[in-house]
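Visitor: Have a look at the structure that comes next, please.
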């Protein structure tokens, strides 16, 4: 069976903004019996995929941080931004959110 994130990506409307599909995926996370593990795995793969459209959607999701540590996130984003420098601000914003959330821990 195909991953639901991949299916929705392939079937999305041609002019659908990345944030719109990311919102759908964020909502689906809470309805899945695996708590979104399958979707989050797909989104991490999208960041590494070399596909700009998939990467934009993965970065637009808001439900969780896709990586277990700041270091893993920094490494993944560095690889992504070396391919797509235009995504640097998105990545920096996510890292800033991580830092804010983990500042008092």
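Visitor: Can you give me the number of residues within the stretch 57-93 that are without any contact (Cβ under 8 Å) to a residue 24 or more places away in the chain and out of contact with any helix residue (DSSP H, G or I) (no Cβ under 6 Å at 6 or more places or on another chain)?
Guide: Going through the stretch 57-93, the residues without any contact (Cβ under 8 Å) to a residue 24 or more places away in the chain turn out to be 67-69, 71-72, 74-75, 78, 81-82, 85-86, 88-89, 92-93.
Next, from what is left, pick out any that are out of contact with any helix residue (DSSP H, G or I) (no Cβ under 6 Å at 6 or more places or on another chain): 68-69, 71-72, 74-75, 78, 82, 85-86, 89, 92-93.
Qualifying residue count, the stretch 57-93: 13.
Visitor: Within the stretch 1-23, can you find the residues that are under 12 Å from the mean Cα position of the chain (by Cα) and farther than 22 Å from residue 78 by Cα?
Guide: Matches in the stretch 1-23: 5, 21, 23.
Visitor: Sticking with this one: Show the residue pairs that are 6+ apart or on different chains and have beta-carbon atoms under 8 Å apart, the first residue being within the stretch 31-56 and free of Cβ contacts under 8 Å to residues at least 24 places away in the same chain and at positive phi, the second being assigned to a helix (DSSP H, G or I) and surrounded by 15 or more Cβ atoms within 10 Å (Cβ to Cβ).
Guide: 35/29
Read-outs throughout are calculated quantities, based only on the coordinates presented, and are distinct from any laboratory measurement. A quick note: this is a predicted structure, and the numbers were derived from the prediction, not measured. Every residue, glycine among them, receives a Cβ derived from its backbone with ideal geometry; neighbour counts consider all protein chains shown.
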